[in-house]
Amino acid sequence: MTSTPDRVAIVGTGLIGTSIGLAAARVGCTVAGWDAEPSIARRASQIGGFRAAVSMDDAVSDADIVVVATPIPAIAGLVARVLESAPGAVVTDVGSVKSHVLADVTSAVPLADLRRYVPGHPMGGSERSGPEHASASIVDGIVWVVSPPHQADLTRIERLEGWIARIGAQVVRMDPGRHDRLVAFVSHLPQVASTALMDLAATEEADEPELLLLAAGGFRDLTRLASSNPALWSDILLSNREAIAEALDIYAARLQALRRQILEGDGVGVETTFERAKVARLRLATKATVRAGVAVLQVPVPDRPGALASLTAALGEGGVNIEDLQIVHSPEGGRGTVHLMVATDAAGSAATVLAANDFDPTRLA
């Protein structure tokens with residue numbers, strides 16, 4: 001192995017695989033990509049600027065790092081093939097469930113090869129799919145969980161972690177079982193809740209055809225994930241079924257508790273629940289360095305080309321850093337609302353800068 005992992009192979013060139021390839025190429029790595037669908041690999045290589053390999057063996061044969069970025073059912077078999085075809089490579093995957101995949105790989109791979117397998121999960125992505133929506137920015141600053149089995153070689157673990165940090169992500173090492181339980185709450189449960197709400201509304205629409213005409217920003221925000229790939233999410237949920245069932249039970253209990261408060265007219269209880277959630281949400285800043293203090297500004301903007309660019313440019317010229325940003329489109333069209341998150345001590349400056357540039361900011365928190 002070379003001292004620095006410079007040759008990278010991506011097996012599976014969809015959204016995540018192509019995004020990782022883009023991030024690797026950005027820092028100077030030589031990248032080869034392969035996909036079971038040659039047309040996808042060709043599109044991905046054109047977008048990502050990397051070589052489309054003619055076969056999986058061709059892609060991985062001289063690689064230092066191999067990233068298996070396929071749906072969960074295919075991961076174990078491909079990891080086994082890659083370990084055999086790339087004897088000098090550290091092999092990782094990006095599956096959002098780790099225990100199930102690790103068990104399958106362990107049963108299929110010799111111990112000597114298992115020492116080079118380091119499971120991973122980059123906590124980034126989109127409800128969209130395909131290489132057309134890929135971007136190196138998907139990797140920037142995200143948490144990338146590494147869940148090595150006890151058989152894995154420490155040198156190779158550290159080698160992978162160094163490369164992950166090099167392409168822009170934040171490494172967090174975590175036991176596979178703990179990873180699966182935590183992502184059940186913060187990744188898998190939100191997908192289930194979004195899908196269930198959208199499915200409920202679609203069912204109710206049969207009797208109330210004007211229902212979705214009333215859907216405003218809140219409904220659109222909550223149901224964004226419902227447009228995710230159905231087959232992909234079916235695989236994920238069934239692979240992590242026990243942890244997701246536990247998360248659903250706890251979530252259902254919270255909903256029932258809130259239901260009781262509402263039915264009993266417990267205004268204090270309802271307000272306390274909302275306040276607790278609001279405080280927690282405001283701490284959910286993009287960067288850990290600002291979690292101790294953030295402010296949210298609501299800014300109406302016209303729905304026309306260049307409006308958002310004008311807003312962000314004004315803040316940039318004013319020296320105000322945006323920690324997070326969300327756009328809520330009006331169902332009536334013609335306008336929208338931008339929710340800006342900035343550090344608390346920058347909120348006054350942000351409001352002043354925006355007002356000076358003909359925007360009308362309102363501080364929400």
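Could you tell me how many of the residues in the range 178-207 are at pLDDT 95 or above and of a type in the set (Val, Ile, Thr)?
Number of matching residues: 3.
Being under 21 Å from the mean Cα position of the chain (by Cα) and small (Gly, Ala, Ser) is the filter here; which residues of the range 19-32 pass it?
Residues satisfying the conditions are Ser19, Gly21, Ala23, Ala24, Ala25.
Every residue, every condition in (1) within 17 Å of the chain's Cα centre (by Cα); (2) surrounded by 15 or more Cβ atoms within 10 Å (Cβ to Cβ); (3) closer than 20 Å to Gly124 by Cα, yes or no:
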{"site": "Ile167", "(1), (2), (3)": "yes, yes, yes"}
{"site": "Val171", "(1), (2), (3)": "yes, yes, yes"}
{"site": "Met174", "(1), (2), (3)": "no, yes, yes"}
{"site": "Arg181", "(1), (2), (3)": "yes, yes, yes"}
{"site": "Leu189", "(1), (2), (3)": "yes, yes, yes"}
{"site": "Val192", "(1), (2), (3)": "yes, yes, yes"}
{"site": "Leu238", "(1), (2), (3)": "no, no, no"}
{"site": "Ile244", "(1), (2), (3)": "no, yes, yes"}
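So, in the range 313-323, of the ones that are exposed (fewer than 15 other Cβ atoms within 10 Å of the Cβ) and of a type outside the set (D, E, K, R), which residue ends up nearest to Ala347 (Cα to Cα)?
So, considering only residues that are exposed (fewer than 15 other Cβ atoms within 10 Å of the Cβ) and of a type outside the set (D, E, K, R), the one nearest to Ala347 (Cα to Cα) is Asn321.
Go through the range 33-49 and report how many residues are modelled with pLDDT of 95 or more and open to solvent by less than 10 Å² (accessible area, probe 1.4 Å).
1
Check Glu271 against each of (1) open to solvent by 100 Å² or more (accessible area, probe 1.4 Å); (2) at pLDDT below 80; (3) under 26 Å from Thr337 (Cβ atoms) and name the one condition it does not meet.
(2)
Taking interchain pairs and intrachain pairs at least six residues apart, which have beta carbon atoms under 6 angstrom, with the first residue in the range 251-278 and farther than 26 Å from Ser187 by Cα and of a type outside the set (A, V, I, L, M) and the second open to solvent by 90 Å² or more (accessible area, probe 1.4 Å) and in a helix (DSSP H, G or I)?
Short answer, once both residue conditions are applied: none.
Filter the range 210-228 down to residues that are open to solvent by 60 Å² or more (accessible area, probe 1.4 Å) and in contact with a Lys or Arg (Cβ under 9 Å, 6 or more places away or on another chain), then give me how many there are.
1
Considering the range 6-28 alone, what residues qualify as being assigned to a loop (DSSP other than H, G, I, E, B) and open to solvent by 10 Å² or more (accessible area, probe 1.4 Å)?
Result: Asp6, Gly14, Val27, Gly28.
Can you say whether Asp104 is without any contact (Cβ under 8 Å) to a residue 40 or more places away in the chain and in contact with a strand residue (DSSP E or B) (Cβ under 9 Å, 6 or more places away or on another chain), as far as the supplied structure shows? Step through it out loud before you land on a result.
On the way: without any contact (Cβ under 8 Å) to a residue 40 or more places away in the chain: yes; in contact with a strand residue (DSSP E or B) (Cβ under 9 Å, 6 or more places away or on another chain): no.
Against the criterion (without any contact (Cβ under 8 Å) to a residue 40 or more places away in the chain and in contact with a strand residue (DSSP E or B) (Cβ under 9 Å, 6 or more places away or on another chain)), Asp104 does not qualify.
The values are calculated or read from the model by the stated rules, or taken from the named source; none is laboratory data. Bear in mind that the values here come from a model prediction, so they are computed numbers and not experimental data. Counting neighbours? That spans all protein chains shown, and the Cβs are built from the backbone with ideal geometry, glycine included. Remember, those area values only see protein heavy atoms, side chains included, never the ligands or the DNA or RNA. Shrake-Rupley method; radii C 1.70, N 1.55, O 1.52, S 1.80 Å.
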